1. In whole Hz and in residue order, list the ³J(HN,Hα) couplings for region 103-116 that follow from phi through the Karplus curve 6.51 cos²θ - 1.76 cosθ + 1.60, θ = phi - 60°; x for Gly and Pro.
2. Check Ser108: other-chain or 5+ apart residues with amide H under 5 Å from its amide H, H built from backbone geometry?
3. Per residue of the chain, what 222 nm ellipticity follows from adding -39500 (n - 2.57) for every DSSP H run with n ≥ 4, rounded to the nearest 500?
4. Specify, per residue and in Å³, the volume enclosed by the convex hull of the alpha carbon atoms belonging to the chain.
5. Quick one: length gained pulling Phe218 to Asp99 fully straight, 0.36 nm per residue minus the C-alpha distance?
6. Using θ = phi - 60° and the Karplus form 6.51 cos²θ - 1.76 cosθ + 1.60, what ³J(HN,Hα) does each residue of region 132-137 get, whole Hz, x for Gly and Pro?
7. Note down the net charge around Ala6, summing +1 for each Lys or Arg and -1 for each Asp or Glu among other residues with Cβ under 9 Å from its Cβ.
8. Determine the relative contact order of the chain: mean sequence separation of Cα pairs under 8 Å and six or more apart, normalised by residue count, in whole percent.
Amino acid sequence: MTTSSAPGKVYLFGEHAVVYGEPAVPCAVGRRARVTVEERDDDRIRVEAEDLSLDGFTVTYGDDPDDADVNVPGDLVAAATGYVDGAVAQARDAADAPDAGFSVTIESDIPLGAGLGSSAAVAVAGIDAATRELGVELSATELADRAYRVEHEVQEGQASRADTFCSAMGGAVRVEGDDCKRLPDPPDLPFVVGYDGGAGNTGELVAGVRDLREQYEFAADTVASIGDLVREGERALRDDDVARIGELMDFNHGLLSALGVSARSLDAMVWGARGAGAMGAKLTGAGGGGCVVALDESDATLTALEYTTACETAFRAELDTEGVRRE
Ligand SMILES: Nc1ncnc2c1ncn2[C@@H]1O[C@H](COP(=O)(O)OP(=O)(O)O)[C@@H](O)[C@H]1O
Ligand SMILES: C[C@@](O)(CCOP(=O)(O)O)CC(=O)O
Ligand SMILES: [Mg+2]
């Protein structure tokens, strides 16, 4: 039995635009997905995922999800288990063990589909645990690359390396196309997260931005402007200028909103945070519902979010310098 964990993340800047080759800066935070894998003596996969939105289920299946001995349609199971299936496929490939079967248990304190990168954390931790269970050790960069391929496939060919690289390496990272690196000395940022209790569908939201970008030149310009904003943000990070970082987060939220990926609940939380004096506030990740991230050293933003109707829970998040971890 082998267990690995990997962190979720918040985007300081650059989600969505990063899919089109602009830079982005995600930061790993101290909420993790833990994946435990045990090799089976048959070729089946059994997944226990209490947090999955199919009301918590246990499912056993072979190659065909329609065989699943669970009382829900095969395509629903396939959608919900896409990242786990992808992780298993990557591990089988890496270990040259195409018929390996696994019992997989997932425990996570990252809300699902909320922009905190639960999918990347599950993919990274899942590949690491499953390959180690088969006696193969991959480096963090190999894990990041294989987890990226999983996200790329599940998100139907539209994914960046940002979430998976950040989850595998930890810390604050910079991703631009295939060029991924850790930022050497990021400032200490007082992250506050507000969560509306909902979720957005990453694949659909990414497709919505792609369509707008194809339809309108000014939407393509908006994506390019996010790239300019991220480059300005990198200068602010180098200068430890937290006030400017916050101002740029506000601007980034506006540009994401123009691209149609915000939501009433996300806007309400952003304005709740700003009203409480946060240095900056924006949605994080794909949007549509889920989380916002704000910067505030004091407790004012946390308290204001707790009193914002749209907000289900609010919490502080610390930068997690550790990526994938062998438990
Ligand atoms: N605890 C978990 N157990 C099983 N699968 C999970 C878990 N957390 C995340 N996932 C997978 O990741 C998907 C959510 O990923 P995504 O839509 O990209 O949102 P995000 O990455 O922002 O959380 C879920 O539908 C599920 O397939
Ligand atoms: C919208 C996007 O930039 C980030 C998605 O993040 P999340 O899955 O919502 O946590 C997509 C991507 O980079 O693959
Ligand atoms: Mg995701």
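Nothing in this text is a laboratory measurement; each read-out follows from the coordinates by a stated rule. The structure displayed is predicted, hence computed values, not measured ones. Note that we place each Cβ from the backbone using ideal geometry, even for glycine, and neighbour counts take in every protein chain shown.
1. Once rounded to whole Hz, the list reads 9, 10, 10, 10, 10, 8, 9, 9, x, 7, x, 10, x, 9.
2. Sorted by chain and number, the residues that satisfy this are Arg34.
3. On the way: 10 runs with 131 residues, N = 327.
Helix contribution divided over all residues of the chain: -12500 deg cm²/dmol.
4. 119
5. That works out to 37.9 nm of additional length.
6. Coupling constants for region 132-137: 5, 4, 8, x, 10, 10 Hz.
7. Numbers: positive: Arg32, Arg34, Arg325; negative: Asp128.
Once positives and negatives cancel, what remains is +2.
8. Working: 781 pairs, mean separation 81.4, N = 327.
It rounds to 25 percent for the chain.
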